[in-house]
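The values are calculated or read from the model by the stated rules, or taken from the named source; none is laboratory data. Just so you know, these numbers come straight off a predicted model, no measurement behind them. No Cβ is skipped: glycine too gets one built from the backbone with ideal geometry, and neighbour counts run over all protein chains shown.
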Amino acid sequence: MEPVIGGPCEGCENVFVGLPALLESGARIADAQEPGEPLVIEGTVRTADGRAAKGIIIYAYHTDAGGVYPPGTTAHGKLRGWVRTDALGHYRFDTIRPGAYPGRDVAQHVHMHIIEPGKATYYIDSIVFADDPLLTAERRRQSQVGRGGGGLGYPEKDAEGVWHVGRDITLGEAIPGYGSEQVRHD
């Protein structure tokens, strides 16, 4: 298990609970039967100098369409998954669009963590959706840059009714304690 860096991280140990031995560059978080609007999250992971980062593990989790974390093996609930970036640094999650927490003013979001094999794990800024009416101007501004790059996503619905949102990631960006040592990403 890689060490957690980047400051306090509530629940970071859950990133490793249930981590599959074999990972692909695409995975499903929510079953196709899970109620909610279908959502595809995809992006590219790069090193600080812009090279594609192969073999990086991305962990993501979120609420159901009603804004609740359905019971699972950890406090993160059952709507969670992992991918490993391909040779071009690409990844993809198929899921549903999460709901906002009921009765609260927290915008819809998808939590994300990075595992750099042999180096460290850390959380990055969650994906938030630019079209969410609960997204405040301040949160929108903060989400344009941050941990791992900006988490502000601009969802678009395709002709089949599937939402698509991008989240590119820069390894170590704005992560406290991210060392100068580098892991090979080839």
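Go through (1) more than 30 Å from Asp49 (Cβ to Cβ); (2) touching a Lys or Arg at 6+ places or on another chain (Cβ under 8 Å); (3) surrounded by fewer than 21 Cβ atoms within 10 Å (Cβ to Cβ) and name the single condition Val106 misses. Only one criterion in (1) more than 30 Å from Asp49 (Cβ to Cβ); (2) touching a Lys or Arg at 6+ places or on another chain (Cβ under 8 Å); (3) surrounded by fewer than 21 Cβ atoms within 10 Å (Cβ to Cβ) is unmet by Val106, namely (2). Residues in the stretch 104-151 that are of a type in the set (A, V, I, L, M) and in a strand (DSSP E or B): Val110, Met112, Ile114, Ile115, Ala120, Ile124, Ile127, Val128. Evaluation of Val4 against the conditions (1) β-branched (Val, Ile, Thr); (2) modelled with pLDDT under 95; (3) in contact with a Leu (Cβ under 7 Å, 6 or more places away or on another chain) shows that the sole unmet condition is (3). Looking at Arg80, is it of a type in the set (Lys, Arg), crowded, with 22+ Cβ neighbours inside 10 Å and closer than 20 Å to Thr121 by Cβ? Here the answer is yes, as Arg80 does meet what is asked. Within the stretch 45-64, the set of residues being of a type in the set (A, V, I, L, M), outside any loop (DSSP other than H, G, I, E, B) and crowded, with 23+ Cβ neighbours inside 10 Å comprises Val45, Ile58, Ala60. Assess whether Asp94 counts as being buried (at least 22 other Cβ atoms within 10 Å of the Cβ), within 30 Å of Arg84 (Cβ to Cβ) and acidic (Asp, Glu). For Asp94, the condition - buried (at least 22 other Cβ atoms within 10 Å of the Cβ), within 30 Å of Arg84 (Cβ to Cβ) and acidic (Asp, Glu) - is not met. Scanning the stretch 17-30 for residues that are surrounded by fewer than 16 Cβ atoms within 10 Å (Cβ to Cβ) and within 15 Å of Val162 (Cβ to Cβ) gives a single hit, Arg28. Look at (1) at pLDDT 95 or above; (2) surrounded by 20 or more Cβ atoms within 10 Å (Cβ to Cβ) and you find that Gly166 fails only one, number (2).
In the stretch 1-16, the residue that is surrounded by the fewest Cβ atoms within 10 Å (Cβ to Cβ) out of those that are among the aliphatic types (A, V, I, L, M) and not in a loop (DSSP other than H, G, I, E, B) is Val4.
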